[in-house]
Structure formats: C-alpha cells, structure tokens
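A quick write-up on the structure given underneath.
The values are calculated or read from the model by the stated rules, or taken from the named source; none is laboratory data. Everything quoted here is computed from the prediction, not taken from an experiment. Counting neighbours? That spans all protein chains shown, and the Cβs are built from the backbone with ideal geometry, glycine included. These area figures cover heavy atoms from the full protein model, side chains too; ligands, DNA and RNA do not enter into them. Shrake-Rupley method; radii C 1.70, N 1.55, O 1.52, S 1.80 Å.
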Amino acid sequence: MKAIVIGGSGQIGGWLLRHLADRGHDAVGTFATVAYPGLYPLKASDREAAVAWVRQERPQVVFYPAGFTWVDGCEHDPATARASNLDEPLNLARVTADLGGRFVYFSTDYVFRGTNGPDSEESPPDPPNVYGLAKLDAERAIARELGDRALIARTSWVYGPERQGKNFAYQVIRRLIAGEPVMVPSDQRSSPSYGPDVALAVIRLIEDGHSGLFHVAGPEVLSRPDFAKAIAEGFGLDPSPIASKPTAELGQGAPRPLQGGLLTPRLNAVLPGLMRPVSLSIDDFLRRLNLGEAWSDPRVAPGLG
Ligand SMILES: NC(=O)c1ccc[n+]([C@@H]2O[C@H](COP(=O)([O-])OP(=O)(O)OC[C@H]3O[C@@H](n4cnc5c(N)ncnc54)[C@H](OP(=O)(O)O)[C@@H]3O)[C@@H](O)[C@H]2O)c1
C-alpha cells in the first residue's frame, strides 16, 4: 500500500515507518519540529499546505500518530489542544477520504474518567481533561464523517525504543543511571503498551481491512511504581530509588484517570497474542539496543548515543 505517516518523527510514527518498510509498503513520513533524514517537513496547522501535500502523495492510507500530546500543556492551552488534536487531523481525514483513502487516528485511554478501569470499547467515555475531550471529539467527528474509511486506535502508556528518547522508560532508566530519584504517582494504573507492537498491530488491522474503534494496548494493567520497577529490573538496575506519592500531591497540570487501562477484546479476537507483556517487551527492547536497532540508547547520556 501507499501510506503516509503524519508524525513520523514521533514514537509510534517511527515504528509505523519502520514496520511499513519492512512489510514492503511504500511509506513516507513527516516531522513538525524535529527533523530526521527522509522525513518531509509538515505542520498540520498549515492547513492548505498539508492538504496540498496529501493530495500530491495520493496515499491509500494516512496514519496520524501526531498532535499536541503533552497532557498538562493541553490543559493550559485548550485552543491549541483542540486545533492540534481535533481540527487538524479532521482536515486531513477529509482530504484522505476525498482521495478514496483510509485514515488512522490514534487516541487514548484518557477518554475515560478512570474510576473503574480497565475499559473496553463498549465502556462509556467521560474524559477527565482537555486532552482527552479533544481526542474523544476527534474520534467521533472522524468516525462520523469517514465511516468505514476510519480506524480509531486507542492506546496507553506507550514505551520502548524511540528516536527522540522521551518516553517513561527512557526517563526511568536515565534517572536511575544518573543516581537521581524517580518520583511516580502511587495511585495511577493503566496498560503499558510496547510501541513496536502498537504500530505493528495497527498496520496488521489495516492490512486485514478492519475499521472502526480498536483498543491497542498491552495485556497487563500495572501501577506506575510497578511499571517503573519492572523497567528497572529488566535493565538490571536497582529499583530502590523509585518512590511514589498520590496524584493529589504531585501537582500535575491536568487531572489523570487513576483506575485506567484498556481492555482489548476486539484486538484479541483478530490478532491474539500480538501485544507483549512488559517482561517480554523489555527483553525485545534490550535485544534491539544490542543490535543497534533502537535509535536512541537510554543507558547512554543524550547526545552521546
Ligand atoms: N505516548 C503515549 O503514551 C500515548 C498514549 C495514548 C495515546 N497516544 C497517542 O498516540 C499518538 C502518538 O503518540 P506518540 O507518543 O508517538 O507521540 P509523540 O512521540 O509526541 O509524537 C508526536 C508526533 O506528532 C508530530 N506533530 C506534533 N504537532 C504536529 C502538527 N501540528 N502537525 C504535524 N505533526 C505534528 C511530532 O512532530 P515533531 O516531534 O517533529 O515536532 C511527532 O512526530 C498521539 O496521537 C497520542 O495522542 C500516545
């Protein structure tokens, strides 16, 4: 297939591009502010230029793992949160459908209040923050306008090898190696989701002709402290500097779901066993680091790896 990845410089976008190429698809990705060789510069906020480029590329599928993903930042800047997570992807979803293509939007477990999670696709959403509300409104608008040309993939707590080296696993590993304390919320639970598996699952869904809403998340629900400890132990690091406090004492900018996480009955029915648990994912993370396939090594200071 001919595919475009808007946000190819990001965590999931990087894995989408790699898996698409490995699977013989013709894929091109974009970056907004962090340039990498081979990526096309595109800000979806520059709406006319973005539409013109998509029209020129004539993709069969547009993957959109992009937007304003800083949850606390969204709370302080709701206008940008809605423009970036709703209006801009909807703009490109429309042009994709107009070209006869399919559109994949990435959403989040933060569409749920998180009082009784983990939640399935059947659970009623009730976002606790600006980010989650913009994502839910985008899901609904894209599904309403594109019908079975749209695939909505909700994921959560994505980690693993990543070009920009920003995710939770990198933060934990770097801090522990630097001898710094690691403070995490004691009362937040969700489904850690391994980035390479998230990307592969979504590509497989598209290859197999699926549309609609799918939860694409790891098979376990863990607390943040347990997730951090599993990462530390997997990397052979002493987990004792990992400490925790209740969310209410951490002063995060946006409210968070506490009992969160995603059940994945639809994904399990069509791609059973694809999403790996944390222990196997960490093994894969280390294997890829050793093979030089992980872009950025969290065991090495940024800029030296
Ligand atoms: N990471 C998670 O734990 C998680 C959990 C649930 C849902 N999700 C969703 O999954 C998707 C991918 O997440 P991720 O962790 O891979 O995100 P990420 O690493 O933050 O990457 C975001 C990507 O979007 C690009 N981007 C930002 N603003 C843009 C704009 N206005 N126009 C075009 N591109 C823009 C960024 O480009 P530059 O970096 O070049 O600026 C980057 O490539 C997001 O939609 C997110 O909401 C993620």
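Out of the DSSP beta bridges found with both residues in the chain, what percent are antiparallel (nearest 5)?
5 percent
Give the longest segment of the chain that steers clear of GluC sites (Glu not before Pro) in DSSP loops with at most 13 neighbouring Cβ atoms within 10 Å, not counting the sites themselves.
Looking at the chain, 123-292 is the longest stretch - no exposed GluC sites (Glu not before Pro) with at most 13 other Cβ atoms within 10 Å.
Stretch residue 75-residue 301 to full length: gain in nm at 0.36 nm per residue minus the Cα-Cα span?
Values: separation 226, 0.36 × 226 = 81.36 nm, distance 3.09 nm.
Result for the pair: 78.3 nm of gain on full extension.
For the range 177-255, state which trypsin sites (Lys or Arg not before Pro) are in a DSSP loop and have at most 16 other beta carbons lying within 10 Å of their beta carbon.
In loop regions of the range 177-255 (DSSP not H, G, I, E or B), there are no sparsely surrounded trypsin sites (Lys or Arg not before Pro).
Taking only the Cα atoms of the chain, how large is their convex hull per residue, in Å³?
On the way: hull volume 37.2 nm³, N = 305.
Measuring per residue, one finds 122 Å³ for the Cα hull of the chain.
Give me the percent of the accessible area of the range 2-291 that comes from carbon and sulfur atoms, probe 1.4 Å, all protein chains in place.
Solvent-exposed carbon and sulfur of the range 2-291 make up 49 percent of the total.
Normalised by the number of residues in the range 1-122, what is the relative contact order in percent for Cα pairs under 8 Å and 6+ residues apart?
Numbers: 177 pairs, mean separation 30.4, N = 122.
Here the relative contact order equals 25 percent.
Please work out whether the range 206-305 counts as rounded, prolate or oblate from its C-alpha gyration tensor, where a ≥ b ≥ c are the square roots of the eigenvalues and a/c under 1.5 means rounded, while otherwise a/b larger than b/c means prolate and anything else oblate?
oblate
Suppose a student asked you for the relative contact order of the chain, using Cα pairs under 8 Å spaced at least 6 residues apart; what percent would you report?
20 percent
Under 10 Å, Cα contacts only: if you run a Gaussian network model on the chain, which one of 66, 254, 49 comes out with the highest mean-square fluctuation?
Taking springs between Cα atoms under 10 Å, the residue moving most is 49.
Mind checking the angle between helix 88-98 and the chain's longest principal axis? C-alpha axes, 0 to 90 degrees, to the nearest 10.
Its long axis makes an angle of about 40 degrees.
Add -39500 (n - 2.57) for each DSSP H run of 4 or more in the chain, then divide by its residues: what number comes out at 222 nm, to the nearest 500 deg cm²/dmol?
Details: 11 runs with 117 residues, N = 305.
Estimated from H runs of four or more residues: -11500 deg cm²/dmol.
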